[in-house]
Amino acid sequence: QVQLVESGGGLVQPGGSLRLSCAASGSISRIYSMGWYRQAPGKQRELVAFIISVGITHYADSVKGRFAISRDNDKSTLYLQMNILKPEATAVYYCHAGFDGLDYWGQGTQVIVSS
C-alpha cells in the first residue's frame, strides 16, 4: 500500500512560481508511474504531468514549457515545479501513483493564482 501526502500549495500572483511536493510512504523506486492531476471548481480532474520510473515525462499541452515534474527515489518524493502560473491553474492538485495494479491518490493541495 502507498500513502501520498501533498504539500506546497498556496496563493500566488499570476506569473509566479510554486513547487509542489508529494511525499510517499516507503520507497517509490518500485512505483512505475507517478503523476500530478488537478481539479478546478466545477470541472473534471485532469492530468497535468506524469513520470515513469525510467524518467520519461509527459505534460498536458496547457503546461508544457512552464511546469516540470521530477521524482527523487531516495527521498520518496515527487515534485511539480510550476512557473509562469496563470489564473486558470487555480485548482486542487493531486498526486497519483500506480502500483501493483492499483491507483493511489493524495488528499490534494490547493493552488490559487490570483492578483
Calculate what fraction, in whole %, of the accessible area of segment 9-82 sits on carbon and sulfur atoms when a 1.4 Å probe is rolled over the protein chains.
48
If you put +1 on each Lys and Arg Cβ and -1 on each Asp and Glu Cβ, how big is the dipole of segment 32-78 around its Cα centre, in Debye rounded to 20?
160
Using a Förster distance of 35 Å, the FRET efficiency for A23-S62 (Cβ separation, nearest 0.05):
0.85
Considering the Cα positions of the chain, please state its Rg to one decimal place and its Dmax as a whole number of Å.
13.3, 43
Two decimals, Cα atoms only, Kirkwood Rh: what is Rg/Rh over segment 68-115?
1.04
With all protein chains present and a 1.4 Å probe, how do E88, E6 order by accessible area, largest first?
E88, E6
Ranked by GNM mean-square fluctuation in the chain (Cα springs under 10 Å), the top entry among L102, L11, L20 is L102
Surface accessible to a 1.4 Å probe, per residue, for the residues of the chain, Å²
53
Considering the dipole of the chain built from charges on the beta carbon (Lys and Arg +1, Asp and Glu -1) around the Cα centre, which of A89, W36, Q3 is farthest to its positive end?
A89
Dipole magnitude of the chain about its Cα centre, charges +1 at Lys/Arg Cβ and -1 at Asp/Glu Cβ only, in debye to the nearest 20?
220
Could you check the simple spin-label distance between Q107 and D74, using points 7 Å along Cα→Cβ, in nm with one decimal?
3.0
Once R0 is set to 22 Å, what does the formula 1/(1 + (r/R0)^6) return for the Cβ-Cβ distance between N83 and S115, expressed as a FRET efficiency to the nearest 0.05?
0.85
Considering only protein heavy atoms, what is the solvent-accessible area of I52 at a probe of 1.4 Å, reported in Å² to the nearest 10?
20
Can you give the net charge of the other residues whose Cβ lies under 11 Å from the Cβ of A91, counting K and R as +1 and D and E as -1?
+1
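The values are calculated or read from the model by the stated rules, or taken from the named source; none is laboratory data. Small disclaimer: the values here were computed from a predicted structure and weren't measured. For neighbour counting, all protein chains shown are included, and Cβ atoms are generated from backbone atoms with ideal geometry for every residue, glycine included. The accessibility values were calculated without ligands, DNA or RNA, using every heavy atom of the protein model including side chains. Shrake-Rupley method; radii C 1.70, N 1.55, O 1.52, S 1.80 Å.
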